[in-house]
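Coordinate-derived values only; no laboratory data. This one's a predicted model, so the numbers in the text were calculated from it and none came from an experiment. Here Cβ is always computed from backbone atoms with ideal geometry, including for glycine, and neighbour counts include all displayed protein chains.
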Ligand code: PAF
């Protein structure tokens, strides 16, 4: 696996490599990331991963400084997964000057996660567009675990006419249902034992909706109450339309239930399509 940090070196390395498929990450890789790498293989000739902890998408009181950085272990995992090229820019490579030109997503950036993480999706969209410009891939793979992020990136790619096929990768879960996430490592043993409750509740909501329940607010509030009783602090549990993450406007709209809740100091997000 080649590793490049400078944009010019990366571009030179990607000349004449056929269809390039890109999987951007912030490192601290787990089986969920590796499954995205494996999926990438079927969408092109050269798989490029990136590792960059993007300061722009973290709020002032978030975990940018303590975000786990495990570069050598990540390189070993990527090489074992058959990734061809790793782009691992430093901050000086990617942001050599203050990033004053940014991508401003529309109203979707202010709902759900965006309501609780102001500026987060601006930071994500800006770095993803910049990474796309560095790598110039024909396809890119993003996990469905970050459902709203995937939608922001899909919409940005379509509206800016970027010639990139955006592929959504299924969420990988531990045996007890907890969605794999780099932030799971922050959980204490007791919190880790409690954490699968979030996925269980999402499944209960899905079962209720499939059985015909349409009072989504009641389902959301019941889940929030159960989480609170077990010590969680919830930002949202929300049944939304898959198409735009707005509240359901017609009975036939395909739905998704999304949640973000804090267990101790760790904020977990998850979702399932209904
Ligand atoms: O999902 C992530 O890991 C990050 O948000 C991304 C897409 C790599 C942008 O920094």
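Going by the alpha-carbon gyration tensor, a ≥ b ≥ c the square roots of its eigenvalues, is region 1-96 rounded (a/c under 1.5) or, if a/c is not under 1.5, prolate (a/b greater than b/c) versus oblate? Please report the intermediate quantities before stating the final value.
Working: a/c = 2.06, a/b = 1.37, b/c = 1.50.
Because a/c hits 1.5 or more and a/b fails to exceed b/c, region 1-96 counts as oblate.
Would you mind computing, in nm to one decimal, how far apart the modelled labels at residue 31 and residue 92 are, each placed 7 Å from Cα along Cα→Cβ?
The two pseudo-label positions are separated by 4.0 nm.
How do 107-118, 263-274 rank on mean C-beta neighbours within 10 Å, highest first? Mind dumping the intermediate values first?
Working: 107-118: 16.7, 263-274: 18.7.
Most protected by this proxy first, the peptides run 263-274, 107-118.
Counting DSSP beta bridges in the chain, what percent are antiparallel, to the nearest 5?
On the way: 18 of 37 bridges.
Around 50 percent of the beta bridges assigned by DSSP in the chain are antiparallel ones.
How high is the relative contact order of the chain, given as a whole-number percent (alpha carbon pairs under 8 Å, six or more residues apart)?
Values: 456 pairs, mean separation 47.8, N = 274.
Dividing the mean separation by the residue count of the chain yields 17 percent.
Mind checking the angle between helix 197-210 and the chain's longest principal axis? C-alpha axes, 0 to 90 degrees, to the nearest 10.
70
Rounded, prolate or oblate: which fits region 128-261 when a ≥ b ≥ c are the square roots of the eigenvalues of the alpha-carbon gyration tensor, with rounded for a/c under 1.5 and prolate only if a/b beats b/c? All intermediate terms of the calculation are to be shown ahead of the outcome.
Values: a/c = 2.55, a/b = 1.38, b/c = 1.84.
Cα axes put region 128-261 in the oblate bin.
Whole angstrom only: what separates the Cα centroid of region 251-267 from the Cα centroid of region 146-215?
Their Cα centres are 7 Å away from one another.
What angle do you read, to the nearest 10 degrees and between 0 and 90, between the alpha-carbon axis of helix 31-41 and the longest principal axis of the chain?
50
Want the number for residue 133 to residue 110: 0.36 nm per residue separation, take away the alpha-carbon distance, what's left? Numbers along the way, then the final one.
Values: separation 23, 0.36 × 23 = 8.28 nm, distance 2.56 nm.
Roughly 5.7 nm would be gained on extension.
Can you tell me the orientation of helix 71-80 relative to the chain, as the angle in degrees between its alpha-carbon axis and the longest Cα principal axis, to the nearest 10?
Orientation of helix 71-80: about 80 degrees from the principal axis.
If each DSSP helix of 4+ residues adds -39,500 (n - 2.57) and the sum is divided by the residues in the chain, what number results at 222 nm, nearest 500 deg cm²/dmol? Walk me through the intermediate numbers first.
On the way: 10 runs with 99 residues, N = 274.
My calculation for the chain gives -10500 deg cm²/dmol from helical runs alone.
Run the quick spin-label model on residue 6 and residue 69: label points 7 Å from Cα toward the beta carbon, then report their separation in nm to one decimal.
Going by the 7 Å Cα→Cβ label model, 2.1 nm.
Tell me, what is the percent relative contact order of region 172-274, built from C-alpha pairs under 8 Å that lie six or more residues apart? Don't skip to the end; give the middle numbers.
Details: 148 pairs, mean separation 28.0, N = 103.
In percent, rounded to a whole number, it is 27.
Sorted from largest down, give the three principal axis spans of the alpha carbons of the chain, whole angstrom values.
Reported extents, whole Å, longest axis first: 55, 42, 36.
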